[in-house]
Amino acid sequence: MMYYCSMYSRELLKGILKPIILKLLSEHDKMYGYEIVQHVKEKTEGKVLIKEGSLYPTLHSLTKEGYLSTESILVGNRTRKYYSLTKKGNGLVVPALNELVDFQTTLGLLFGKEKPAIS
């Protein structure tokens with residue numbers, strides 16, 4: 001999986017793509033891939049840029065695992081594939097986000113909560 005971002009390393013972002021997708025789809029009825037990419041870019045003020053080549057394998061994995069369902073809709077001349085949470089996927093949102101928040105708190109214990117001074 002590769003993430004290209006303007007501020008964070010791909011190693012740092014590697015484990016959070018699934019929770020990002022689950023969170024977004026819990027807030028929106030359905031979204032298509034490019035819409036997810038743009039929404040993340042906008043919400044993070046350009047600090048997290050997800051390549052579509054990273055996004056689609058994750059979407060396919062979540063679909064295969066039964067967390068997402070897909071619906072193809074003809075928009076103009078193109079077919080757009082929308083993703084939405086299944087009942088099983090809805091059940092994964094809170095645990096995934098809780099795990100991420102707990103991990104963030106744990107990192108705060110290790111590194112402190114204040115930004116380090118740049119020398």
Members of the stretch 82-112 that are in contact (Cβ under 8 Å) with a residue 24 or more places away in the chain and hydroxyl-bearing (Ser, Thr, Tyr): TYR82, TYR83, SER84
Only listed residue being in a helix (DSSP H, G or I), among the small types (Gly, Ala, Ser) and under 12 Å from LEU25 (Cβ atoms), chosen from GLY108, GLY89, GLY53: GLY89
Residues (in contact with a Gly (Cβ under 6 Å, 6 or more places away or on another chain) and aliphatic (A, V, I, L, M)) located in the stretch 53-102: LEU55, LEU68
Test: VAL48 is touching an Asp or Glu at 6+ places or on another chain (Cβ under 7 Å), crowded, with 16+ Cβ neighbours inside 10 Å and hydrophobic (A, V, I, L, M, F, W, C): no
Residues that are modelled with pLDDT under 95 and part of a loop (DSSP other than H, G, I, E, B), drawn from the stretch 72-86: GLY76, ASN77
Conditions (1) out of contact with any Leu (no Cβ under 6 Å at 6 or more places or on another chain); (2) surrounded by 16 or more Cβ atoms within 10 Å (Cβ to Cβ); (3) modelled with pLDDT of 95 or more: number failed by LEU55: (3)
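The values are calculated or read from the model by the stated rules, or taken from the named source; none is laboratory data. Here the structure is a predicted model, which is why all the values come from computation and not from measurement. Using ideal geometry, Cβ is built from the backbone for each residue, glycine included, and neighbour counts are taken over all protein chains shown.
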